[in-house]
């Protein structure tokens, strides 16, 4: 969800309160496993048997690995790992993933032993429309044999419990007519099997994704919430299907508003265009590395409002090779 604040005014919680958490690091190791890769292929409507030991996985699948192995005794009431181990003990009850910036440097191959180092790089309290907010940025670096393969800046927001006036309210923005017209479009129903499979693949026990009573009564949603990372995963899948194996080098993603079980979402996007040229997806202030061909894609909710947006940076068409396979 995009919880962009109305003002930069700090809340009663200040950055100083969490200064000791800045720079904190955590390291995990994992194998880029064949079984998980094949199940991810099924989720992406790809042939699972096309993936074997030594195959490179599609770049965005990195986020399915390195899941924390947290004992049940250290799981919080919301189903997340309890705060205060790696992430700071922020005294706000709701926690949501809101976006990421990713550089894909080298492919991850099935069977590789990889290491993920995570570092807390920013903690920013603010006041928004829904009350107190604390944004936490974590930089993740995934490496194989000492060589960095993926670098991600991930943003999480902590929020107050919903009031009666804000419960169920949507922060989605109307679709921006100034963006280039979509070159492709498809729709996808958010069904229980999809949500279950993704939560199982990523070992995600956040209760808003499967416990409708908790989602409604404790966090103020109208039902089970679509996993934001899954929304981005499906949108990237759809974009990559249209680029004939082009190498994805950079990604910027922002979640604006939740989607829910039973919603039909619309995925749409533009074709890649050379940096600086006129055309769909070009001429936008994306922050991506110069020289990459860029494209835009987004997810619309059933009312046509923006739920998620991404900018993709591809290697120029003249470059041979790609990361995905």
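Determine the gain in length on full extension of the stretch residue 82-residue 129; use 0.36 nm per residue of separation and subtract their C-alpha separation, reporting nm with one decimal. The residue 82-residue 129 span can extend by a further 14.3 nm. Here the calculated FRET efficiency for residue 244 and residue 21, from their Cβ-Cβ distance with R0 = 45 Å, stands at 0.55, rounded to the nearest 0.05. Hey, how much of the P(r) for the range 91-170 falls beyond 18 Å, as a percent of Cα pairs? Pairs farther apart than 18 Å: 53 percent. List the residues of the range 105-129 whose backbone N lies under 15 Å from a point placed 7 Å from the Cα of residue 139 along the Cα-to-Cβ direction. Once the point is set 7 Å along Cα→Cβ of residue 139, 117-123 turn out to lie under 15 Å by backbone N, inside the range 105-129. With N counted as the residues of the range 15-314, its alpha-carbon radius of gyration over 2.2 N^0.38 Å works out to 0.99.
Available extension along the chain between residue 29 and residue 113 is 29.5 nm, counting 0.36 nm per residue and deducting the alpha carbon span. Note that the range 192-240, at 25 °C in a medium of 0.890 mPa s, gets a Stokes-Einstein diffusion coefficient of 217 µm²/s from its Kirkwood radius over C-alpha pairs. Placing R0 at 25 angstrom, the Cβ-Cβ distance between residue 122 and residue 73 gives a FRET efficiency of 0.25 after rounding to 0.05.
Neighbour counts of other Cβ atoms within 10 Å put 47, 78, 293 in the fewest-to-most order 47, 78, 293. As a rough footprinting exposure proxy, the listed residues 49, 96, 226 were ranked by other beta carbons within 10 Å of their own, and the order from fewest upward is 49, 96, 226.
Sorting 148, 263 by the number of Cβ atoms found within 10 Å of their own Cβ, with the fewest placed first, yields 148, 263.
FYI, it's all coordinate maths here, none of it is from the lab. Computed from a predicted structure; not experimentally measured. Here Cβ is always computed from backbone atoms with ideal geometry, including for glycine, and neighbour counts include all displayed protein chains.
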